[in-house]
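**Student:** To start, I am sharing the structure in question, which I have written as C-alpha cells.
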Amino acid sequence: DSGVTQTPKHLITATGQRVTLRCSPRSGDLSVYWYQQSLDQGLQFLIQYYNGEERAKGNILERFSAQQFPDLHSELNLSSLELGDSALYFCASSKDQGTWPQHFGDGTRLSIL
Amino acid sequence: DQQVKQNSPSLSVQEGRISILNCDYTNSMFDYFLWYKKYPAEGPTFLISISSIKDKNEDGRFTVFLNKSAKHLSLHIVPSQPGDSAVYFCAASAKDNQGGKLIFGQGTELSVKP
C-alpha cells in the first residue's frame, strides 16, 4: 500500500461528458503529480501541484484541468471527453520536489463509450 | 522524442539467477533516476533510485548502476525470485525541471521461471 488513494477505481462514461478524478496523497507529502497511461504507451506526465500551486505542466490537453486543495488532495477534471481519452490515470505524491521518489496510487481506469 | 528508452520489452530469467534490466536516456540534464515495478491492476511501486552524483546504489537484492558517460542505467536483481515477475519501468527527472516530473521508459516485462 503506497498510501496514495485514488477514487474511483473505474469510470465508464460517454463522449462529450465531464468527469472528476480524485487523489489523496500520502500523509506529509506536499507534491501531487498526475500521469496518463494509454494503451501500449508508457506513463505520460500531465501536471504537478506543490502545496496548492501549479508547478509544472506536461502535454495536458486544454480540456483537462486540475487543482490541489488546502488539505492537499487533488482533483483532475476531464471535460468534453473523447474516445481517445480512455486510459489509466495515475496520481503520485512526493514529500517535496526534486530528488524525492514519487509514490503512486493504483489509478483510475477511464473508459469512454 | 523518447528521452528514456527501455529497448527490451521482455526478459525471461531462471529463479535464483541474476536479472539485468537496462535503460538508456538522451537528456544530459537528467540528475535523478528511479526504477519502479508494476503488477497488473496496481500502480507503479517505487523500488530504488540513484542521483547523478553516484554510480551505484544498493538495496537488498536490488542494485542500480549509473553510467553517465554512456547515458545508461541498469537494475540488477540478485537472486531473482518468481515474485519479481512484473513490468519494470525506469524513470528520470531533470535538474532544470522545477517540478520534478518523471519521464518514463516504455517498460520491460520480467518473467522469473521457477
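The values are calculated or read from the model by the stated rules, or taken from the named source; none is laboratory data. These numbers were taken from a predicted model, which means no experiment stands behind them. FYI the Cβ positions are ideal-geometry reconstructions off the backbone, even for glycines, and counts take in every protein chain you see. With ligands, DNA and RNA removed, areas are computed over all heavy atoms of the protein, side chains included. Shrake-Rupley method; radii C 1.70, N 1.55, O 1.52, S 1.80 Å.
**Student:** Could you tell me which of the residues B:Ser8, B:Ser80 is under 18 Å from B:Phe104 (Cα atoms), among the small types (Gly, Ala, Ser) and touching a residue at least 60 places away in the same chain (Cβ under 8 Å)? If you could, list the steps in order and put the result at the bottom.
**Tutor:** Values: B:Ser80 fails: under 18 Å from B:Phe104 (Cα atoms).
Checking each option against the conditions leaves just B:Ser8.
**Student:** Residues in the stretch B:72-86: is at least one in contact with a Phe, Trp or Tyr (Cβ under 8 Å, 6 or more places away or on another chain), under 28 Å from A:Lys9 (Cβ atoms) and at pLDDT 95 or above?
**Tutor:** Yes, the stretch B:72-86 contains a residue that is in contact with a Phe, Trp or Tyr (Cβ under 8 Å, 6 or more places away or on another chain), under 28 Å from A:Lys9 (Cβ atoms) and at pLDDT 95 or above.
**Student:** Within the stretch B:29-54, work out how many residues are out of contact with any strand residue (DSSP E or B) (no Cβ under 8 Å at 6 or more places or on another chain) and surrounded by 13 or more Cβ atoms within 10 Å (Cβ to Cβ).
**Tutor:** So the count comes out to 1.
**Student:** A further question follows. What tally of residues in the stretch A:85-94 results from selecting those that are touching a Pro at 6+ places or on another chain (Cβ under 9 Å) and either more than 9 Å from chain B (Cβ to nearest Cβ) or modelled with pLDDT under 95 (or both)? Before you say what the answer is, go through the steps one by one.
**Tutor:** Within the stretch A:85-94, the subset touching a Pro at 6+ places or on another chain (Cβ under 9 Å) is A:90-94.
Retained after the next criterion (residues that are either more than 9 Å from chain B (Cβ to nearest Cβ) or modelled with pLDDT under 95 (or both)): A:93-94.
The qualifying residues number 2.
**Student:** Considering B:Thr26, B:Thr63, which residue is away from chain A (no Cβ under 13 Å), under 24 Å from B:Gly100 (Cα atoms), open to solvent by less than 70 Å² (accessible area, probe 1.4 Å) and not basic (Lys, Arg)?
**Tutor:** Working: B:Thr26 fails: open to solvent by less than 70 Å² (accessible area, probe 1.4 Å).
Result of the check over B:Thr26, B:Thr63: B:Thr63.
**Student:** Could you tell me whether any residue of the stretch A:69-82 is out of contact with any Asp or Glu (no Cβ under 9 Å at 6 or more places or on another chain), buried (at least 21 other Cβ atoms within 10 Å of the Cβ), assigned to a strand (DSSP E or B) and not polar (S, T, N, Q)?
**Tutor:** Yes, the stretch A:69-82 has at least one match.
**Student:** For the stretch B:53-79, what are the residues that are out of contact with any helix residue (DSSP H, G or I) (no Cβ under 7 Å at 6 or more places or on another chain), in a strand (DSSP E or B) and not polar (S, T, N, Q)? Walk me through how you get there before you give the answer.
**Tutor:** First, the residues of the stretch B:53-79 that are out of contact with any helix residue (DSSP H, G or I) (no Cβ under 7 Å at 6 or more places or on another chain): B:53-76, B:78-79.
Going one step further and asking which of them are in a strand (DSSP E or B), we end up with B:56-59, B:62-67, B:72-76.
Hits for the stretch B:53-79 are B:Lys56, B:Glu58, B:Asp59, B:Phe62, B:Val64, B:Phe65, B:Leu66, B:His72, B:Leu73, B:Leu75, B:His76.
**Student:** Are any residues in the stretch A:14-35 open to solvent by 30 Å² or more (accessible area, probe 1.4 Å) and of a type outside the set (A, V, I, L, M, F, W, C), and if so, which ones? Break it down into steps so the answer makes sense when it comes.
**Tutor:** In the first step, residues of the stretch A:14-35 are kept if they are open to solvent by 30 Å² or more (accessible area, probe 1.4 Å); the result is A:14-18, A:20, A:22, A:24, A:26-28, A:30.
A:Thr15, A:Gly16, A:Gln17, A:Arg18, A:Thr20, A:Arg22, A:Ser24, A:Arg26, A:Ser27, A:Gly28, listed by residue number.
**Student:** Can you tell me which residue is least open to solvent (accessible area, probe 1.4 Å) among those in the stretch A:1-13 that are part of a loop (DSSP other than H, G, I, E, B) and more than 16 Å from A:Asn77 (Cβ to Cβ)?
**Tutor:** If we filter the stretch A:1-13 for residues that are part of a loop (DSSP other than H, G, I, E, B), which is where we start, we get A:1-4, A:8-9.
Filter again for more than 16 Å from A:Asn77 (Cβ to Cβ), leaving A:1-4, A:9.
Numbers: A:Asp1: 190, A:Ser2: 41, A:Gly3: 35, A:Val4: 12, A:Lys9: 123 Å².
Step by step, filter the stretch A:1-13, then rank; the result is A:Val4.
**Student:** State whether one or more residues within the stretch B:98-105 are at pLDDT below 95, at positive phi and within 12 Å of chain A (Cβ to nearest Cβ).
**Tutor:** Yes; the residues of the stretch B:98-105 include at least one that is at pLDDT below 95, at positive phi and within 12 Å of chain A (Cβ to nearest Cβ).
**Student:** Sticking with this structure for a sec: Looking at the stretch A:37-48, is at least one residue open to solvent by 10 Å² or more (accessible area, probe 1.4 Å), within 11 Å of chain B (Cβ to nearest Cβ), assigned to a strand (DSSP E or B) and of a type in the set (A, V, I, L, M, F, W, C)?
**Tutor:** First, the residues of the stretch A:37-48 that are open to solvent by 10 Å² or more (accessible area, probe 1.4 Å): A:37-41, A:44-45.
Of the ones still in play, those that are also within 11 Å of chain B (Cβ to nearest Cβ) are A:37, A:40-41, A:44-45.
Still in the list and also assigned to a strand (DSSP E or B): A:37, A:44-45.
Keeping just the survivors that are of a type in the set (A, V, I, L, M, F, W, C) gives A:45.
There is at least one residue in the stretch A:37-48 that is open to solvent by 10 Å² or more (accessible area, probe 1.4 Å), within 11 Å of chain B (Cβ to nearest Cβ), assigned to a strand (DSSP E or B) and of a type in the set (A, V, I, L, M, F, W, C).
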